[in-house]
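Visitor: After the structure tokens below, expect a handful of questions from me.
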Amino acid sequence: MNPKLARFGISLLLGIGVAAAAPPRLSPPDDLFKAGTLSPVMPAPEIALSGTDGKPFSMARFRGKVVLLAFGFSNCGEVCPITLATLAGARKKLGAAAGDVQVVYVTVDPERDDAAQMRKFLGSFDPTFIGGVGTRPQIDSAQKSYGISSSKIVHADGSYSIGHSSSIYLIDRTGRLAAVMPYGHPVDDFVHDLKILLRG
Amino acid sequence: MSRPFRITLLLPLVALLCALAWAGFTPIHVASREKLFEIPRGTYARRMAGDKVEILPAKIRLTLGIEDILLLRNLDEVPQVFGPTIMMPGQSFRLPFERAASYQFVCSAHASGQMTIEVEDEPVMPWERIRWRVREWREKKAG
């Protein structure tokens, strides 16, 4: 082989080797949310409903606690039970700190979900969960504030289910909408983000 | 075959091999892991006027470990719903992804009202990196 060509080839390979030896990629810092974050952070829209605990349901009422807010309905067969089980799991994993976390769940099905029905449904996951119920106009107003969409799906037998937005809103102790967790995140992601909010 | 002719033939081949080796073996680095999209001012007004122009692509592709954070900015005068949240005028929404999958979101900035985000695994094999770089280059070229 031509020695000049060989030297050229070796130099090129060395150059590629140097270029390829880039520093390892760093993991994201631990204080970054797993959820989506809004910037600038704004106050969580107010909701005026009735609580399943017999008290008025408003976001102002929960100031001082970190709030996990979601929308759903008690006849939901999949999304809501998974969401609520995940939130219950996150509270359990937080231990004593869970006392500073309030899960609130607003119905998108006011025709079927009264306070008693929602209380029974939520209580099967965690007795501390509080539901928000109200009239159709009140629920529509709450949904609009958070950009929640829902649509009725009528089945052949006349029964219906409801397709709805399934994100979970993370509200800090001062009532600001800090983050939004899309549906499907595991318990550990909630625990991670709740720890950040509880520290703050 | 004469020597100059051999070199003329060999050099482009060596250059191509070197380019492929670089594209395949060098880890991909980008300036930011955020992929930014902006909803421009007047989007809602245009839509209300019957303009069906698409502001954002119907499908956004993200790659874990490289560009795996979606950053949306609402520069419009009205709130916009993007999938999991509502963005007030002037607000940004930063959404990180950690799992490769196809995500369907409601998006009011789209005429269809829907948006798909394809999140793919980080390319680690040489041919995956080459394919990723070629695709990025073609997308940038297409504007």
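Visitor: Taking segment A:149-166 as the region of interest, how many residues are touching a residue at least 60 places away in the same chain (Cβ under 8 Å) and surrounded by fewer than 23 Cβ atoms within 10 Å (Cβ to Cβ)?
Guide: 5
Visitor: So, B:Ile86, is that one among the aliphatic types (A, V, I, L, M), within 9 Å of chain A (Cβ to nearest Cβ), buried (at least 18 other Cβ atoms within 10 Å of the Cβ) and outside any helix (DSSP H, G or I) or not?
Guide: Yes: the conditions hold for B:Ile86.
Visitor: Touching a residue at least 40 places away in the same chain (Cβ under 8 Å), within 21 Å of the chain's Cα centre (by Cα) and either under 17 Å from B:Arg129 (Cβ atoms) or surrounded by 15 or more Cβ atoms within 10 Å (Cβ to Cβ) (or both) - does that describe any residue in segment B:8-20? Full working, then the answer.
Guide: Of the residues in segment B:8-20, the ones touching a residue at least 40 places away in the same chain (Cβ under 8 Å) are B:20.
Narrowing the set further to residues that are within 21 Å of the chain's Cα centre (by Cα) leaves none.
No, there is no match, as no residue in segment B:8-20 is touching a residue at least 40 places away in the same chain (Cβ under 8 Å), within 21 Å of the chain's Cα centre (by Cα) and either under 17 Å from B:Arg129 (Cβ atoms) or surrounded by 15 or more Cβ atoms within 10 Å (Cβ to Cβ) (or both).
Visitor: Residues being under 20 Å from B:Ser108 (Cα atoms) and buried (at least 22 other Cβ atoms within 10 Å of the Cβ): count how many of those fall in segment A:178-195.
Guide: Kept after step one, since they are under 20 Å from B:Ser108 (Cα atoms), are these residues of segment A:178-195: A:179-183.
Restricting the remaining residues to those that are buried (at least 22 other Cβ atoms within 10 Å of the Cβ) gives A:179-181.
Qualifying residue count for the region: 3.
Visitor: Among the residues of segment B:4-18, count how many are modelled with pLDDT of 80 or more and facing chain A (nearest Cβ under 10 Å).
Guide: The qualifying residues number 6.
Visitor: Could you check, for segment A:65-73, whether at least one of its residues is at pLDDT below 95 and more than 12 Å from A:Gly132 (Cβ to Cβ)?
Guide: Checked segment A:65-73: no residue is at pLDDT below 95 and more than 12 Å from A:Gly132 (Cβ to Cβ).
Visitor: Right, A:Ser50: surrounded by 14 or more Cβ atoms within 10 Å (Cβ to Cβ) and free of Cβ contacts under 8 Å to residues at least 60 places away in the same chain or not?
Guide: So A:Ser50 fails the test.
Visitor: Among the residues of segment A:83-92, is there at least one that is farther than 12 Å from A:Asp126 by Cα, surrounded by fewer than 15 Cβ atoms within 10 Å (Cβ to Cβ) and touching a residue at least 24 places away in the same chain (Cβ under 8 Å)?
Guide: Within segment A:83-92, none of the residues are farther than 12 Å from A:Asp126 by Cα, surrounded by fewer than 15 Cβ atoms within 10 Å (Cβ to Cβ) and touching a residue at least 24 places away in the same chain (Cβ under 8 Å).
Visitor: Taking the criterion of being at pLDDT 90 or above, within 12 Å of chain B (Cβ to nearest Cβ), surrounded by fewer than 18 Cβ atoms within 10 Å (Cβ to Cβ) and part of a strand (DSSP E or B), would at least one residue in segment A:16-37 satisfy it?
Guide: No, the conditions are met nowhere in segment A:16-37.
Visitor: Still on this structure, please answer the following. Collect the residues in segment B:61-77 that are buried (at least 17 other Cβ atoms within 10 Å of the Cβ) and out of contact with any Asp or Glu (no Cβ under 7 Å at 6 or more places or on another chain), keeping them in residue-number order.
Guide: B:Glu67, B:Asp68, B:Leu70, B:Leu72, B:Asn74, B:Asp76
Visitor: Among what's in segment A:116-148 and is modelled with pLDDT of 95 or more and among the small types (Gly, Ala, Ser), pick the residue that is surrounded by the fewest Cβ atoms within 10 Å (Cβ to Cβ).
Guide: Filtering segment A:116-148 for residues that are modelled with pLDDT of 95 or more and among the small types (Gly, Ala, Ser), the one surrounded by the fewest Cβ atoms within 10 Å (Cβ to Cβ) comes out as A:Ala116.
Visitor: Could you tell me how many of the residues in segment B:15-59 are in a helix (DSSP H, G or I) and among the basic types (Lys, Arg)?
Guide: Number satisfying all stated conditions: 2.
Visitor: Can you confirm whether segment A:124-144 contains a residue that is of a type in the set (Phe, Trp, Tyr), within 14 Å of chain B (Cβ to nearest Cβ) and either touching a strand residue (DSSP E or B) at 6+ places or on another chain (Cβ under 6 Å) or not in a strand (DSSP E or B) (or both)? Reasoning before the result, please.
Guide: Of segment A:124-144, the ones of a type in the set (Phe, Trp, Tyr) are A:125, A:129.
Right, trim to within 14 Å of chain B (Cβ to nearest Cβ) and you get none.
For segment A:124-144, residues of a type in the set (Phe, Trp, Tyr), within 14 Å of chain B (Cβ to nearest Cβ) and either touching a strand residue (DSSP E or B) at 6+ places or on another chain (Cβ under 6 Å) or not in a strand (DSSP E or B) (or both): absent.
The values are calculated or read from the model by the stated rules, or taken from the named source; none is laboratory data. Since the structure is predicted, the reported quantities are computational estimates derived from the model, not experimental observations. Ideal geometry is used to build each Cβ from the backbone, glycine not excepted, and the neighbour counts take in all protein chains shown.
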